[in-house]
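Engineer: Let me give you the structure first, and then I'll get to my questions.
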Amino acid sequence: MSNVAPIALAELRDLRLAFGEKEILSDLNLQVPSKARLVVLGQSGSGKSTLLRLILGILKPTSGDVFFKGHNVTRMPRRRLNRIRQKIGMVYQYSALISSLSVRDNLALPLEELTRKTRKEIDQLVDEKLTLVGMAEARDKMPSELSGGMRKRIGLARGIIMDPELILYDEPTAGLDPVISSVIDDLIISLSEKIGATSIIVTHEMESAFKIGTHMAMLYKGKIIAEDTPEHFKNTDDPVVSQFISGNTQGPILEDTPLL
Amino acid sequence: MRGRLPFRLSIFFAQTDRTGVGSVPLVALVSFFIGLTMALLTGYQLQTFGQEQLVPGLVGVAFTRELGPLMTGIMVAARIGAAYTAELGTMVVSEEVEAIDAMGIGPLRFLVGPRVLAVFLLLPCLVVISDVTAMSGGALISRWAFDMPFRHFVNTALENILIRDIIAGTIKSFLFGLIIGLVSCYKGLTVSGGAAGVGGATTSSVVTAITTVIGFDTLCNIVLVAVFDK
């Protein structure tokens, strides 16, 4: 284990994760530059969401290290890990809003539990973040009263409520119509610019990926096989990356892992 | 943050309302019928020996010491234990528990603490209601079937109930509350496998909680007899 602090905001080093015999990630290395919007591409079930859970310390790797601002989150006591998690916002694929709490209470929860802010300050912050995602009118609604796109936006507002330094997005536009997807994409870009946070976006929707990303990485067979700018990704000669981007059925991806 | 309660107070009060106040009708009704049936059946048998005056003592002691905590434990395990497991299990499946964990809050203070404490503190209160309604049922049927005045029933029952019976019943109620709370929350938070997983965990939670409650009841009886009745 190395204790040298990496320059990147987050870094995954020689990461391996296996559930019994099944290896999900192997020798995975990835650096997340500060202020970047890193899009992680990969097939469904390739371990992209798992990657985000490893960064949050929810899953522990079989071997290897995950650093956040130089702190190794894989070997951290629970109390310290909770403090690190307050600096990371997570936006879930299905929003994961607490169904028994109103939108206001969902957003207020981390502020009430983790800070000493007054009710007035909390309400102000909640209103501010709801306005940022264009959902101020949904303040007193319950999650069950909201559509998928609205929930996603509330999930986004909750993800940034603690002004995190790193925001993790798990399939932020999956299952949404093209217009709402575009709204969410724009929101991700404007949020990262407004609050100056670094973002990791896991997706397999290429249009969103190229629109949002300032950096890109491709996860394939448990490893990061390419890490570059979106322009270089578009013009790559890597057969796997280029097949994934084009959605071509002919190529190494289906030859290696036949789906049909 | 330091200097805070290990559970969220607003959720604790919501859970006490649901666990305690919400369970009163069920516990009262079932206990009333069991008390009534018990008095009726034992009364008929004892009547053949002319000993029906033993009915109040029998119902009183049986409920304060044994049936009150046991029946309430079983009812609460079925009603509240199942609800806790299904609720927490659904939250696990819909990633709500993970989201709470990911925020750095941790599910103990927010989810487990208020629930376990609510059922732990409220079960003894429900047992008191169970004892009182069971004796009311017994008194009512004794008045009708054996011509026993209410005052006589109450006085005889109180004469027969010993402090040690009440202590034994109270210790059991706290213990059963703790068992139900811990089992149901554990089963809920360890759910895997979607909707079917939640269903399976809920069944397992009720079965485990009831079996454990009966098991600990037996154990308590052995220990309490060894301690008090020598």
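The values are calculated or read from the model by the stated rules, or taken from the named source; none is laboratory data. Just so we're clear, the structure is a prediction, and the values are computed from it rather than from any experiment. Note that each Cβ is placed from the backbone with ideal geometry, even for glycine, and that neighbours are counted across all protein chains shown.
Engineer: Go through the residues of the range A:16-23 one by one and say whether even a single one is modelled with pLDDT of 90 or more, away from chain B (no Cβ under 12 Å), part of a strand (DSSP E or B) and at positive phi.
Structural biologist: No, the conditions are met nowhere in the range A:16-23.
Engineer: Still on this structure: State whether the residues of the range B:62-84 include one that is within 17 Å of residue B:141 (Cβ to Cβ) and either in contact with a Lys or Arg (Cβ under 9 Å, 6 or more places away or on another chain) or of a type outside the set (A, V, I, L, M) (or both).
Structural biologist: Yes, because at least one residue in the range B:62-84 is within 17 Å of residue B:141 (Cβ to Cβ) and either in contact with a Lys or Arg (Cβ under 9 Å, 6 or more places away or on another chain) or of a type outside the set (A, V, I, L, M) (or both).
Engineer: Take the range A:166-205 and flag every residue that is assigned to a helix (DSSP H, G or I) and in contact with a Phe, Trp or Tyr (Cβ under 8 Å, 6 or more places away or on another chain).
Structural biologist: A:188
Engineer: Please enumerate the residues belonging to the range B:94-136 that are among the small types (Gly, Ala, Ser), at negative phi and outside any helix (DSSP H, G or I).
Structural biologist: The answer is B:94, and nothing else.
Engineer: For the range A:116-144, name all the residues that are more than 19 Å from residue A:183 (Cα to Cα) and touching a residue at least 24 places away in the same chain (Cβ under 8 Å).
Structural biologist: Of everything in the range A:116-144, those that are more than 19 Å from residue A:183 (Cα to Cα) and touching a residue at least 24 places away in the same chain (Cβ under 8 Å) turn out to be A:125, A:126, A:139, A:140, A:141, A:142, A:143, A:144.
Engineer: Sort through B:174, B:150 and tell me the only one that's at pLDDT 95 or above and closer than 23 Å to residue B:129 by Cβ.
Structural biologist: Going through B:174, B:150 in turn, just one is at pLDDT 95 or above and closer than 23 Å to residue B:129 by Cβ: B:174.
Engineer: Given the criterion facing chain B (nearest Cβ under 9 Å), within 19 Å of the chain's Cα centre (by Cα) and over 21 Å from residue A:127 (Cα atoms), identify the matching residue among A:85, A:78.
Structural biologist: On inspection, the qualifying residue turns out to be A:85.
Engineer: Tell me which of these residue A:116 doesn't satisfy, since it passes every other one: (1) within 14 Å of another protein chain (Cβ to nearest Cβ); (2) touching a helix residue (DSSP H, G or I) at 6+ places or on another chain (Cβ under 9 Å).
Structural biologist: (2)
Engineer: What number of residues within the range B:1-59 are within 24 Å of residue B:143 (Cα to Cα) and either within 14 Å of chain A (Cβ to nearest Cβ) or outside any helix (DSSP H, G or I) (or both)?
Structural biologist: Of the residues in that region, 4 qualify.
Engineer: For the range A:101-162, please list each of the helices (runs of 4 or more DSSP H) lying entirely inside it that holds at least 2 residues being at pLDDT below 95, surrounded by 18 or more Cβ atoms within 10 Å (Cβ to Cβ) and of a type in the set (Gly, Ala, Ser).
Structural biologist: Helices (runs of 4 or more DSSP H) meeting the threshold: A:148-159.
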